[in-house]
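Report on the structure given below.
What follows is calculated from the coordinates using simple rules that are stated; it is not laboratory data. For clarity, every value in this text was computed on a predicted model and none was experimentally measured. Note: ideal-geometry Cβ built from the backbone for every residue, glycine included; neighbour counts use all protein chains shown.
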Amino acid sequence: MEIIHLPALVKEAIKVLNPIPGGTYVDATIGPGGHSEEILTLIGTGGKLIGIDRDNEALRTAQERLSDKRVILRKGSFSDMEKLLKKDGITEVDGILFDLGISMIQMKNIERGFSFISDKRMDMRMDREQALSARDVVNKYSANELERILREFGEERLSRKISEAIVRKRRIKPIDTCSELSEIVERVYGRRGRVHPATKTFQALRIEVNKELDELQKGLDASVKILKRGGRLCVISYHSLEDRIVKHFIARSSKEPLTPGSEEIRSNPSSRSAKLRAAERI
Ligand SMILES: C[S@@+](CC[C@H](N)C(=O)[O-])C[C@H]1O[C@@H](n2cnc3c(N)ncnc32)[C@H](O)[C@@H]1O
């Protein structure tokens, strides 16, 4: 079965980004290109779109889907946005969109090791050329470092117990697969609720492996440097840690966050937690 990624809050995001004919836009997280496809319908023949992603597979999908002379695709982290754009002689843009996290295509590809219900190796790297993987974090970090990551990046109340259980287990044999780790967490919880008990642990590991919060802060800093006056910044985030960073960043110019309309939640359950914030450069 082909897995598709439905872009979150697409109508709302495009409305606040307000792409204009002839404008230059950055999709800082192009993924499979859902939002970009919409941007391209509005920027006319003279417009330009730069799509960034650190996942080569996402870029290949975007390339196939968009294949358009107005599109420039660049592999890299959005924290390096200024440098990536400079290579193409672009120093200022009319709008920047961030749709944070990972796509359904990444999530559902069990080989990528993001899902806690698979017997594949833990991985969670967005950029598969990067050295650090979730296996390294789980097997090499000290108990204290693991505890901190689970607490800060997972807001996991059992962070101490889970990190100790991980360390006890890995003394016997390295923890290799996603299901091995989720079983450790399940045993610490001792029961299953509506949400899988390993959800927070997996969120924390993913944030650590991909340095997601650092990236976000640096990406936002970079974007104000290249936004033209009147240019729009639009950020879709999926959990409170991301939203807090975005909220503080655009505190002064931020409009109220928009949450998904009820229609979208029905058609795209994964966008339930999506929050959109936008700001205009003045
Ligand atoms: C939610 S998906 C984007 C989906 C896309 N907007 C769509 O609707 O088709 C997020 C994408 O951003 C990429 N990504 C996340 N953090 C990144 C970063 N710091 N630098 C570059 N790409 C990043 C991920 O690899 C993923 O492909």
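Modelled label positions at ASN18 and GLU164, each set 7 Å beyond Cα in the direction of Cβ, lie 5.6 nm from each other.
Between THR45 and SER267, full extension at 0.36 nm per residue minus the direct alpha carbon distance yields a gain of 76.7 nm.
Give, in nm to one decimal, the length gained when the segment between ARG229 and ILE4 is fully stretched (0.36 nm per residue of separation minus the Cα-Cα distance).
Extra length from ARG229 to ILE4 when fully extended: 77.4 nm.
Would you please state the base-10 log of I(q)/I(0) at q = 0.10, 0.13, 0.15, 0.16 1/Å for the chain, with intensities from the Debye formula using one equal scatterer on every alpha carbon? Evaluating at q = 0.10, 0.13, 0.15, 0.16 Å⁻¹ gives log10 I(q)/I(0) of -0.54, -0.88, -1.13, -1.25.
Compared with the alpha-carbon gap, the fully stretched path from LYS75 to ILE117 is longer by 12.2 nm at 0.36 nm per residue.
Spin-label model, LYS87 to LYS211: label points 7 Å out along the Cα-to-beta-carbon direction sit 1.7 nm apart. Close amide H pairs (under 5 Å, H built 1.01 Å from N) link LEU227 with VAL93, residues at least 5 positions away or on another chain. Among 129-138, 10-19, sorting by the average number of other beta carbon atoms lying within 10 angstrom of each residue, highest first, gives 10-19, 129-138.
Along its first, second and third principal axes, ordered by size, segment 119-250 spans 58, 33, 26 Å in Cα coordinates.
Relative to its residue count, segment 104-162 spans a Cα convex hull of 104 Å³ per residue. When only alpha carbons are used to place a centre, segment 208-228 and segment 1-69 end up 19 Å from one another.
Please tell me the relative contact order of the chain in percent, rounded to the nearest whole number, where contacts are Cα pairs under 8 Å and at least six residues apart. Reported relative contact order: 20 percent.
Average 1/r across all pairs of distinct alpha carbons in segment 191-282, invert it, and you get the Kirkwood radius: 14.9 Å. Computed log10 I(q)/I(0) for segment 76-130 at 0.14, 0.21, 0.27 Å⁻¹: -0.55, -0.84, -1.08, from the Debye equation with unit scatterers placed on every C-alpha and solvent omitted.
Take every pair of alpha-carbon atoms less than 8 Å apart whose residues are at least six positions apart; their mean separation over the length of segment 88-229 yields a relative contact order of 31 percent.
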